[in-house]
Amino acid sequence: MTASSPANARAASIGNSDSTRQLVLGLLFGVAFGFLLQKGGVAKYHILIGALLLEDFTVMKVMLTAIIVGSVGIFALHALGGVELHLKPTRYASNVVGGLLFGIGFGLLGYCPGTGAAALGQGNWDAIGGVAGLMVGSYLYAEMSGTLDRTINKWGDRGKLTLPDIVGMKRSTFLLIWLPLLTMVLYAMDRFTVR
Amino acid sequence: MTDPLMYSGPAWSPYLVGALIGVLTMLTFYFSNKPLGASTAYARIAGMVGRSIAPKHTDKLPYYEKKTPKVEWGVMLLIGIVAGAFLAAWQGGELTGAWVPPMWTAQFGESADAWRIAAAVVGGVIMAFGARLAGGCTSGHGISGTLQLSVGSWIAVFCFFIGGFVTAHLMFRW
C-alpha cells in the first residue's frame, strides 16, 4: 500500500479516535456488538465454560461465522480501496505465552473482555469482579512493559505475518481454499454438535 | 456432573449473530478505521485510574506511551457493549441480576459463592496480562485478527482455548 492509495486517503479523513464523531460511532458500534453478544448467548457463563469444556459449540459457531463473513467483507472492501487492513504483529513467544495465560484467566473468570462487559450488562454481577481484575492485570502489564518489550516481545517477532505468506500463496488464491475449508468446519460443527 | 447444555441456550441463532458481527467489523473498518476489540479499553481505563493516583509514574510506562490513557473510540465501544447487552437482555427477558452463575453453584455448592468473585478477580488479572502480552483478546485476535489471516492471531486464539480447556477441565471435570 502506498501512502496515496484511496484507502489511506479515506483512513486519513476519518481523523482521531477521540473526535466527537468517533466517540459516538464507538458507542453505537459497542451497543450493536453488546446486543449481538447477548442475543448470541455468549454473555452466559455456562455457554462460555461449555465452550472451554468443548461441550457447547455456540462460541465457536459465532466466531467462525463472523470470521468467514468478516473475511469476505473486509478483503472485498480492501480490494475496492475502501478500508486499510489492521494486522496485529506475529510474535511467537508472546502469542503463545500470553495466549495460554489468557486461557487460564478465561477458565477462572468464565468471561472474556468483550463478553464480560456483555455479562455485566445482562446483570451477571460476578462480572464486576472480572472487570476490576482486568483493569489490575492491564496495569500490571503496563508496569512490566519495558522489560517485556526488551525480552519476550522480541522473541520470534515476525511482524505482520499472514497465513498466505507462510504457505507462499497469493492472498486471493489462499482465500479461495481457506474460506470453503472454514465453511466445511462450520458445517461439520453444526452437523455433529448438540449446541 | 454439571452439564452446560442443561442451562438456557442463545436467544438467536449463532450463525445469524456471527454473520451480523462479521458485518459489524466491516462497518468499524469502514467508518472508524478500527478493528473490533475489547481488551485495550480496560488498559486505557486502568491507565486513567493510574494517572489520577500516580500521574508521572503512569506516563513513564512504555505501554502507556503507545496507548494513551484517555476516553477514545475503544473505551466508548466497551461502554456500548454493556449498554447493548442490557438492552438485549431486557428486551428478551433475560436479565439475571445474580452474583453467582447457577452452573458455579451446581458444581461447587452454595458455600463456595464467595469463591466465585475471587475466581473472577484473579481470572481477570491473569486474562488481562495475557491479552496484553498476546496482543489482543477473543475479539481483537479471535475475530478481527483471524479474519485478516494473521498468523499471530490464529496462534493466540488456539492458545486461548488450550489454556481455557485445561483450566475448565480442572475446575469442572477433574
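The values are calculated or read from the model by the stated rules, or taken from the named source; none is laboratory data. Note that the coordinates shown come from a computational prediction; the quantities given were computed from them, not determined experimentally. All Cβ positions, even for glycine, are placed from backbone atoms using ideal geometry, and neighbour counts span all protein chains on display.
Taking the stated definitions as given, is B:Y63 within 7 Å of another protein chain (Cβ to nearest Cβ), touching a Ser or Thr at 6+ places or on another chain (Cβ under 8 Å), modelled with pLDDT of 95 or more and crowded, with 18+ Cβ neighbours inside 10 Å?
Considered against the rule, which asks whether it is within 7 Å of another protein chain (Cβ to nearest Cβ), touching a Ser or Thr at 6+ places or on another chain (Cβ under 8 Å), modelled with pLDDT of 95 or more and crowded, with 18+ Cβ neighbours inside 10 Å, B:Y63 comes out as yes.
On the given criteria, is B:I155 within 7 Å of another protein chain (Cβ to nearest Cβ) and under 23 Å from A:D56 (Cβ atoms)?
Here the answer is no, as B:I155 does not meet what is asked.
Looking only at the range A:3-26, decide whether some residue is surrounded by 15 or more Cβ atoms within 10 Å (Cβ to Cβ), among the small types (G, A, S), more than 8 Å from every other protein chain (Cβ to nearest Cβ) and part of a helix (DSSP H, G or I).
yes
Of these, B:G142, B:G136, B:G163, which one is within 14 Å of the chain's Cα centre (by Cα), crowded, with 22+ Cβ neighbours inside 10 Å and assigned to a helix (DSSP H, G or I)?
Within the list B:G142, B:G136, B:G163, the selection yields B:G142.
Would you say A:G99 is touching a Cys at 6+ places or on another chain (Cβ under 6 Å) and either of a type outside the set (D, E) or assigned to a loop (DSSP other than H, G, I, E, B) (or both)?
Considered against the rule, which asks whether it is touching a Cys at 6+ places or on another chain (Cβ under 6 Å) and either of a type outside the set (D, E) or assigned to a loop (DSSP other than H, G, I, E, B) (or both), A:G99 comes out as yes.
Of the residues in the range B:110-122, how many are more than 8 Å from chain A (Cβ to nearest Cβ) and either among the acidic types (D, E) or closer than 18 Å to B:A168 by Cβ (or both)?
The total comes to 4.
Within the range A:9-38, count every residue that is without any contact (Cβ under 8 Å) to a residue 60 or more places away in the chain and under 30 Å from B:T167 (Cβ atoms).
3
Inside the range A:128-147, can you point out the residues that are of a type outside the set (S, T, N, Q) and buried (at least 20 other Cβ atoms within 10 Å of the Cβ)? Steps first, answer last, please.
From the range A:128-147, those of a type outside the set (S, T, N, Q) are A:128-137, A:139-144, A:146; that's our starting set.
If the condition is that a residue be of a type outside the set (S, T, N, Q) and buried (at least 20 other Cβ atoms within 10 Å of the Cβ), then A:G129, A:G130, A:V131, A:G133, A:L134, A:M135, A:G137, A:Y139, A:Y141, A:A142 are the ones that fit.
Can you pull out every residue in the range A:148-159 that is of a type in the set (D, E) and either surrounded by 18 or more Cβ atoms within 10 Å (Cβ to Cβ) or touching a residue at least 40 places away in the same chain (Cβ under 8 Å) (or both)?
Correct list: A:D157 only.
Would you mention how many residues in the range A:104-140 are assigned to a helix (DSSP H, G or I) and polar (S, T, N, Q)? Working first, answer last.
Filtering the range A:104-140 down to residues assigned to a helix (DSSP H, G or I) leaves A:104-109, A:113-121, A:126-140.
Imposing the further condition that a residue be polar (S, T, N, Q) reduces the set to A:115, A:138.
Matching residues across the range A:104-140 total 2.
Is it the case, given these coordinates, that B:T96 is within 14 Å of A:A43 (Cβ to Cβ), part of a loop (DSSP other than H, G, I, E, B) and not acidic (D, E)?
Working: within 14 Å of A:A43 (Cβ to Cβ): yes; part of a loop (DSSP other than H, G, I, E, B): yes; not acidic (D, E): yes.
Taking the combined requirement at face value, the residue satisfies it.
Specify which of the listed residues (B:P69, B:P101) is more than 7 Å from chain A (Cβ to nearest Cβ), crowded, with 21+ Cβ neighbours inside 10 Å and not aliphatic (A, V, I, L, M). I'd like the intermediate steps shown before the answer.
Values: B:P101 fails: more than 7 Å from chain A (Cβ to nearest Cβ).
Selected residue: B:P69, the only one of B:P69, B:P101 that is more than 7 Å from chain A (Cβ to nearest Cβ), crowded, with 21+ Cβ neighbours inside 10 Å and not aliphatic (A, V, I, L, M).
Do you know which residues across the range B:1-27 are assigned to a helix (DSSP H, G or I), surrounded by fewer than 24 Cβ atoms within 10 Å (Cβ to Cβ) and without any contact (Cβ under 8 Å) to a residue 12 or more places away in the chain?
If the condition is that a residue be assigned to a helix (DSSP H, G or I), surrounded by fewer than 24 Cβ atoms within 10 Å (Cβ to Cβ) and without any contact (Cβ under 8 Å) to a residue 12 or more places away in the chain, then B:L5, B:M6, B:Y15, B:L16, B:A19, B:L20, B:V23, B:M26, B:L27 are the ones that fit.
Looking at the range A:39-68, which of its residues are assigned to a helix (DSSP H, G or I), without any contact (Cβ under 8 Å) to a residue 12 or more places away in the chain and either surrounded by fewer than 22 Cβ atoms within 10 Å (Cβ to Cβ) or more than 7 Å from chain B (Cβ to nearest Cβ) (or both)?
Scanning the range A:39-68 gives a single hit, A:A51.
Restrict the check to the range A:113-121 and report whether at least one residue is more than 7 Å from chain B (Cβ to nearest Cβ) and not β-branched (V, I, T).
Yes, there is a match, as at least one residue in the range A:113-121 is more than 7 Å from chain B (Cβ to nearest Cβ) and not β-branched (V, I, T).
If a residue must be part of a helix (DSSP H, G or I) and either surrounded by fewer than 24 Cβ atoms within 10 Å (Cβ to Cβ) or more than 7 Å from chain A (Cβ to nearest Cβ) (or both), how many such residues does the range B:33-51 contain?
Counting residues in the range B:33-51 that are part of a helix (DSSP H, G or I) and either surrounded by fewer than 24 Cβ atoms within 10 Å (Cβ to Cβ) or more than 7 Å from chain A (Cβ to nearest Cβ) (or both) gives 9.
When the residues of the range A:69-94 are narrowed to those that are among the small types (G, A, S) and closer than 18 Å to B:L36 by Cβ, which ends up surrounded by the most Cβ atoms within 10 Å (Cβ to Cβ)? Before the answer, list the steps.
Of the residues in the range A:69-94, the ones among the small types (G, A, S) are A:70-71, A:73, A:76, A:79, A:81-82, A:93-94.
Subset that is closer than 18 Å to B:L36 by Cβ: A:70-71, A:73, A:76, A:82.
On the way: A:G70: 26, A:S71: 20, A:G73: 21, A:A76: 12, A:G82: 16.
So, considering only residues that are among the small types (G, A, S) and closer than 18 Å to B:L36 by Cβ, the one surrounded by the most Cβ atoms within 10 Å (Cβ to Cβ) is A:G70.
Provide a single number: the residues in the range A:69-94 that are at the interface with another protein chain (Cβ under 7 Å from one of its Cβ atoms), in a loop (DSSP other than H, G, I, E, B) and among the hydrophobic types (A, V, I, L, M, F, W, C).
Summing the residues that are at the interface with another protein chain (Cβ under 7 Å from one of its Cβ atoms), in a loop (DSSP other than H, G, I, E, B) and among the hydrophobic types (A, V, I, L, M, F, W, C) in the range A:69-94 gives 3.
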